[in-house]
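See below for the structure under consideration.
The values are calculated or read from the model by the stated rules, or taken from the named source; none is laboratory data. The structure presented is a predicted model; accordingly, all values stated were derived computationally and were not measured. Here the Cβ positions follow ideal geometry from the backbone for every residue, glycine too, while neighbour counts run over all protein chains shown. These area figures cover heavy atoms from the full protein model, side chains too; ligands, DNA and RNA do not enter into them. Shrake-Rupley method; radii C 1.70, N 1.55, O 1.52, S 1.80 Å.
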Amino acid sequence: MKDQLGFRIVLCSTVFIILTQNRALADLDSESHEVNSESVGEEQWEMVQRKGMQFTLNGQPFYVNGFNTYWMMTLAADNSTRGKVTEVFQQASAVGMTVGRTWAFNDGQWRALQKSPSVYDEEVFKALDFVLSEARKYKIRLILSLVNNWDAYGGKAQYVKWGNASGLNLTSDDDFFTNPTLRKFYQSHVRTVLNRVNTFTNITYKNDPTIFAWELMNEPRCPSDPSGDKLQSWIQEMAVFVKSLDAKHLVEIGLEGFYGPSAPARTRFNPNPYAAQVGTDFIRNNQVLGIDFASVHVYPDSWISPAVSNSFLEFTSSWMQAHVEDAEMYLGMPVLFTEFGVSAHDPGFNTSFRDMMLNTVYKMTLNSTRKGGAGAGSLVWQVFPQGAEFMDDGYAVYLTRAHTASKIISLQSKRLAIFNSLCSWRCRWGCKKKNQIALDALLSHDEL
């Protein structure tokens with residue numbers, strides 16, 4: 001009889017919480033459809049901060065369900081495609097996403113932001129201003145990446161070209177990390193972006209709560225130095241440099257998460273032997289002064305095999321779990337899975353498998369969330385509106401027509417919103433005992 005009574009209490013508590021939170025979420029949904037051009041009140045729009053292994057916002061934990069859309073500045077630079085940026089934020093907001101990630105660089109390429117070192121296209125900069133102002137309207141914060149490891153949008157290769165054009169004799173793209181002139185080129189770009197005053201909001205970037213974090217580089221690698229020393233030195237200098245200009249915002253490196261020489265026992269989690277030779281070192285790199293949280297990417301189709309198989313899901317689970325453990329045991333900081341996805345170009349791809357990938361990532365995140373752990377959330381690569389197919393790299397998720405994926409994403413957003421609203425820092429990074437059982441039951445539901 002006592003067991004039955006206890007069960008009824010838990011059941012009633014769970015139902016009450018679900019009904020209460022669904023009503024709150026319904027109110028939020030209705031508000032999201034009434035977004036106008038007015039800025040979010042400053043008292044409601046604060047900087048996301050970090051406390052130990054969690055992100056915080058307004059004194060409560062802030063777990064992330066987010067997305068990538070790298071091209072927003074580029075399309076915003078043309079009035080005929082600018083509306084696609086608004087559509088991205090509308091659609092992401094409608095499924096409860098709260099953080100996006102995009103490029104704050106385009107070096108020497110089509111619609112370049114930085115045409116040559118310290119020379120900028122003002123119209124493209126205004127396009128980035130627009131991206132930030134639209135994100136703010138839809139209550140979405142942005143991770144802004146400051147340079148690319150890859151050739152797309154210029155990257156470190158473009159900096160080397162600029163260096164050679166100025167009279168240097170550089171022979172490797174990895175000279176980006178070591179050459180003093182190229183380091184100064186990069187620092188000049190960082191200074192220009194952080195001190196930019198938004199022409200739409202009149203807010204200086206380094207003071208704008210819309211910016212969730214600065215990312216030093218998208219997927220840095222330095223394969224010419226497998227020891228990792230060159231990249232480590234660069235990270236040490238640039239992390240402190242960014243913080244010297246902007247102590248308010250969070251900073252992360254942009255790593256894919258590969259283990260290197262400092263943690264030989266962890267290299268068994270790498271997707272392949274080559275991953276330990278690309279000059280990155282997940283634990284060592286993230287121990288640098290000025291780094292606030294760790295980033296990890298999840299691409300089994302790029303790293304293991306292009307052919308879709310269940311091994312993708314097994315790798316994803318072990319890869320994520322390993323990095324959550326490292327963040328808790330060695331780093332003492334949040335870890336954000338800032339890119340994950342599966343390409344429609346992969347042999348054997350179907351949307352059902354993509355949905356399984358989404359579910360795997362989200363469940364691994366929730367396993368950490370339940371315990372108040374370091375797994376701080378994830379950002380799918382990538383959200384697209386219809387009409388932007390010409391930018392699709394195969395990974396695009398079109399929310400308006402990928403109905404099952406949209407439901408999975410929305411459910412994850414609701415779960416995290418409920419968790420964040422029920423928990424507070426007074427509760428030992430977790431939920432009060434009287435809510436814990438009901439919360440666990442609620443998080444295990446397939447529908448809310």
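Some points to look at:
- Entirely in segment 52-120, the strands (runs of 3 or more DSSP E) that have 3 or more residues that are touching a residue at least 40 places away in the same chain (Cβ under 8 Å): 54-57, 64-68, 99-103
- Test: residue in segment 128-135 that is under 23 Å from residue 204 (Cα atoms), of a type in the set (D, E, K, R) and surrounded by fewer than 18 Cβ atoms within 10 Å (Cβ to Cβ): no
- Filter result (in contact with a strand residue (DSSP E or B) (Cβ under 9 Å, 6 or more places away or on another chain) and of a type in the set (D, E, K, R)) within segment 340-378: 354
- Some residue of segment 389-409 being in contact with a Phe, Trp or Tyr (Cβ under 8 Å, 6 or more places away or on another chain), at pLDDT 95 or above, within 24 Å of residue 49 (Cβ to Cβ) and open to solvent by less than 30 Å² (accessible area, probe 1.4 Å): no
- Failed item in (1) closer than 30 Å to residue 413 by Cα; (2) buried (at least 21 other Cβ atoms within 10 Å of the Cβ), with residue 139 passing the rest: (2)
- Residue satisfying condition, being among the hydroxyl-bearing types (Ser, Thr, Tyr) and touching a strand residue (DSSP E or B) at 6+ places or on another chain (Cβ under 7 Å), within set 69, 74: 69
- The selection criterion, being more than 23 Å from residue 78 (Cα to Cα), assigned to a loop (DSSP other than H, G, I, E, B), under 25 Å from the mean Cα position of the chain (by Cα) and not hydrophobic (A, V, I, L, M, F, W, C), does not hold for residue 191.
- Reported count of residues in segment 306-329, each being surrounded by 17 or more Cβ atoms within 10 Å (Cβ to Cβ) and either touching a Leu at 6+ places or on another chain (Cβ under 8 Å) or hydroxyl-bearing (Ser, Thr, Tyr) (or both), is 1.
- Within segment 218-255, tally of residues that are open to solvent by less than 10 Å² (accessible area, probe 1.4 Å), out of contact with any helix residue (DSSP H, G or I) (no Cβ under 8 Å at 6 or more places or on another chain) and outside any strand (DSSP E or B): 2
- Test: residue in segment 370-387 that is assigned to a helix (DSSP H, G or I) and either modelled with pLDDT of 95 or more or surrounded by fewer than 17 Cβ atoms within 10 Å (Cβ to Cβ) (or both): no
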